[in-house]
1. Scan segment 278-306 for residues that are closer than 28 Å to ARG236 by Cα and touching a helix residue (DSSP H, G or I) at 6+ places or on another chain (Cβ under 8 Å) and report the count.
2. State all residues of segment 116-137 that are part of a loop (DSSP other than H, G, I, E, B) and on the phi > 0 side of the Ramachandran plot; if no residue qualifies, say none.
3. Checking GLU436 against (1) in a loop (DSSP other than H, G, I, E, B); (2) farther than 22 Å from ALA221 by Cβ, which test does it fail?
4. For the list (1) open to solvent by 10 Å² or more (accessible area, probe 1.4 Å); (2) touching a residue at least 24 places away in the same chain (Cβ under 8 Å); (3) out of contact with any strand residue (DSSP E or B) (no Cβ under 7 Å at 6 or more places or on another chain); (4) part of a loop (DSSP other than H, G, I, E, B), I need the number of the one condition that PRO52 fails.
5. State whether the residues of segment 284-297 include one that is modelled with pLDDT under 95, surrounded by 15 or more Cβ atoms within 10 Å (Cβ to Cβ), closer than 19 Å to TYR422 by Cβ and more than 15 Å from the chain's Cα centre (by Cα).
6. What are the residues in segment 374-406 that are small (Gly, Ala, Ser) and open to solvent by 30 Å² or more (accessible area, probe 1.4 Å), if any?
7. Quick test for you: out of ARG445, ARG438, ARG371, pick the one residue that is in contact with a Leu (Cβ under 7 Å, 6 or more places away or on another chain), at pLDDT 95 or above, under 21 Å from TYR76 (Cβ atoms) and open to solvent by 20 Å² or more (accessible area, probe 1.4 Å).
8. May I ask you to verify whether ASP159 is in a helix (DSSP H, G or I), under 19 Å from ILE252 (Cβ atoms), touching a helix residue (DSSP H, G or I) at 6+ places or on another chain (Cβ under 9 Å) and not basic (Lys, Arg)?
Amino acid sequence: MKRLCVLTVLTTLVSSATAADNTLAKAPKRPNVLIVTTDQQRVDAASVVGNPWLKTPNLDRLVSHGVYFTKSYCSYPLCSPCRASLHTGRFPHEIGVDHNNMSIAPGIPISGELFRAAGYETAYAGKWHLPAAYPSEGIPGFSVLNRIKRQGKLARDVDEATLQAAIDFLKQNREKPFYLVVSFINPHDICLPAGEDSPLLDQIWSLYGPPADAQLPPLPASFRLPETEPQWLLGRRPKHPHWDENHWRRYIYAYYRMVEDVDRQIGRLLETVREIGQEENTLVVFTSDHGEGLGCHRWTGKMMFFDAEAAVPLIISWKGVTPAGRIDREHLVSTVDVLPTICDYAGIEPPPEVRGQSLRSIIEDPAAPWRQYVVSEIAHTPAIGRSFMVRTPRYKYIRLAAAPGKIVELLFDMEKDPEEIYNLAADPKLTNVLEEHRRLLSEWRTLTGETTAAVQPAPKTARPRRAQQAN
């Protein structure tokens with residue numbers, strides 16, 4: 001009888017332990033969060049979305065466990081302002097970052113502070129640019145993993161240091177979940193053959209330029225400028241008078257090789273997450289701060305609202321949790337959505353001032369209600385003000401502040417004219433469409449306080465550009 005009682009007790013204890021284990025297994029566990037960013041990567045610069053001119057096996061693999069949003073727009077097609085939005089969930093004019101090399105306004109909580117307060121181990125590797133590219137003074141809420149000097153180095157080499165610092169961090173033993181940001185520079189080095197004054201130019205062409213027998217990518221359809229192209233755009237376009245069509249195609253080729261280079265480094269980072277056994281407990285977000293003209297409208301660089309410059313890749317991937325292999329070509333999403341999304345998955349309440357929305361609802365149910373437009377901005381001078389883009393499901397409206405008191409308007413039908421060639425702003429048949437987009441912009445400007453947010457002067461840290469480039 002005594003033995004029976006002991007067996008009964010042991011059985012009860014084992015059953016209780018098994019039940020407890022099952023409960024723990026089913027209980028939600030806060031994921032690690034890994035944000036990976038590149039600098040100047042277009043939304044179409046990945047093989048997984050059908051681009052045949054490059055191979056990005058590691059981004060493709062990431063998408064195999066997640067969702068790639070192709071109607072994804074940066075909050076401002078420039079490095080510092082967009083990075084500020086990424087880490088605050090707010091628009092640049094709200095947080096004091098109108099230009100490059102500016103700091104986020106004091107008192108605005110950023111992602112590292114939110115996650116550290118919630119019990120995460122937080123770290124940052126790579127480019128920051130708010131204000132310094134690689135700040136020696138640190139980043140609020142983050143342990144800075146690599147404090148390096150960018151000057152005189154290729155992006156690939158700086159990115160190798162960033163990658164190694166991130167790998168070393170991932171391999172540390174820890175009890176807390178981690179929140180890690182890994183910020184690569186490439187393919188930003190395309191700025192060098194596009195006109196930045198740099199002694200590294202010969203190295204860039206040697207490393208990324210096409211061999212003599214290479215098949216070169218074609219020129220974009222919008223390379224031949226339409227007759228309706230506004231004079232303001234013609235005047236602002238980067239000048240490359242000595243570039244023939246073959247040189248433009250070599251430039252596009254080099255850009256894709258830079259994307260492949262950083263994809264290789266991203267692959268090593270993701271492989272480390274697998275090696276430490278955390279792949280199935282890590283939410284990975286991949287995006288970029290802006291795109292690259294790459295010859296569309298004969299534009300190089302950023303600072304414009306065509307999709308080439310303003311649309312950026314956004315991948316949300318958590319193996320076994322997010323839908324696998326979905327290319328979302330429907331929902332309009334924005335840089336400001338990243339912070340509320342990672343907070344949602346981590347069980348953290350974002351600040352009430354956040355403008356973005358968590359993408360989790362449309363990731364889990366594409367039919368869930370969602371917004372009907374997104375906005376991007378560009379600040380000019382205090383006298384000129386800001387320019388804006390409003391993207392709705394079918395149309396894109398661009399309002400360019402050309403000079404004090406002078407506005408240039410563009411309207412594109414993105415279904416019929418995805419290359420953004422035919423400006424329909426003066427089409428009388430679309431007057432109602434134009435008025436509706438003006439109304440949406442006015443609504444947004446009032447809602448976000450833009451109408452009372454004066455443009456700040458740009459810091460005097462601009463790098464010189466060559467007027468001509470004949471390589």
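1. Qualifying residue count for the region: 18.
2. Within segment 116-137, GLY119, HIS129 meet the criteria.
3. Evaluating GLU436 over (1) in a loop (DSSP other than H, G, I, E, B); (2) farther than 22 Å from ALA221 by Cβ leaves (1) as the failure.
4. (2)
5. The answer is yes; a qualifying residue exists.
6. ALA383, ALA403, GLY405
7. ARG371
8. On the way: in a helix (DSSP H, G or I): yes; under 19 Å from ILE252 (Cβ atoms): no; touching a helix residue (DSSP H, G or I) at 6+ places or on another chain (Cβ under 9 Å): yes; not basic (Lys, Arg): yes.
No.
The values are calculated or read from the model by the stated rules, or taken from the named source; none is laboratory data. Owing to the predicted nature of the structure, the values given are computational and were not obtained by experimental measurement. Positions of Cβ are backbone-derived with ideal geometry, glycine not excepted, and every protein chain shown enters the neighbour counts. Keep in mind that these areas ignore ligands, DNA and RNA; they rest on the heavy atoms of the full protein, side chains included. Shrake-Rupley method; radii C 1.70, N 1.55, O 1.52, S 1.80 Å.
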